[in-house]
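Just so it is clear, none of the values below were taken in a lab; they were calculated from the coordinates. Quantities reported herein were computed from a predicted structural model and do not represent experimental measurements. Here Cβ is always computed from backbone atoms with ideal geometry, including for glycine, and neighbour counts include all displayed protein chains.
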């Protein structure tokens, strides 16, 4: 039986596994009406077993990616709500407040856009999240830890695999397999806690 060896990439394994089925699936996805929900790929029982094995090896990383997406979503909402509250709590002076208000709203909207892209496993969202996390590395010490975790989760080999087209194919082929919700919540809680403690630390330091 074919195994995923250390020197064999995830995509090479899947390419050898069911190249014809994958190509047919991609062609169907590119046709008119591709925006509609796609049926699960049709695999033989042996192919499905291998697809399930490939999926199970990445379920933990899928949970991490979901947690990161939820973290960016929460961050974007907090930025936008905080900006609105501050604007309402202060006398509005367009000459002084308009630029920072719209800049902060754009940042919040950008974080939400990245969050949605991550949850849909879009490659552009992975790079944008990496850029934001790169800035977060300067939030020593806890912000650095959170940002380092995000960068490792998104750009390690398994992180790249989760965002690959072939893994999306595997996900569609194994709809009954889901990342653990408890695992996702635990990782999301850890990220939120690290960043919240760091923000409180800086607020007390400069407040």
Separation in nanometres of the label points that stand 7 Å from Cα toward Cβ, at residue 113 and residue 157: 3.4
Roughly what % of Cα-Cα distances in the stretch 122-207 sit above 21 Å, to the whole percent? 43
Take the Cα pairs of the stretch 58-206, get the Kirkwood Rh, then feed it into Stokes-Einstein at 20 °C and 1.002 mPa s and tell me D in µm²/s. 130
Using 7 Å Cα-to-Cβ label points, what is the residue 193/residue 140 separation (nm, one decimal)? 2.4
Using only Cα atoms, locate the centre of the stretch 100-131 and the centre of the stretch 144-195, then give the distance between them in Å, rounded to an integer. 16
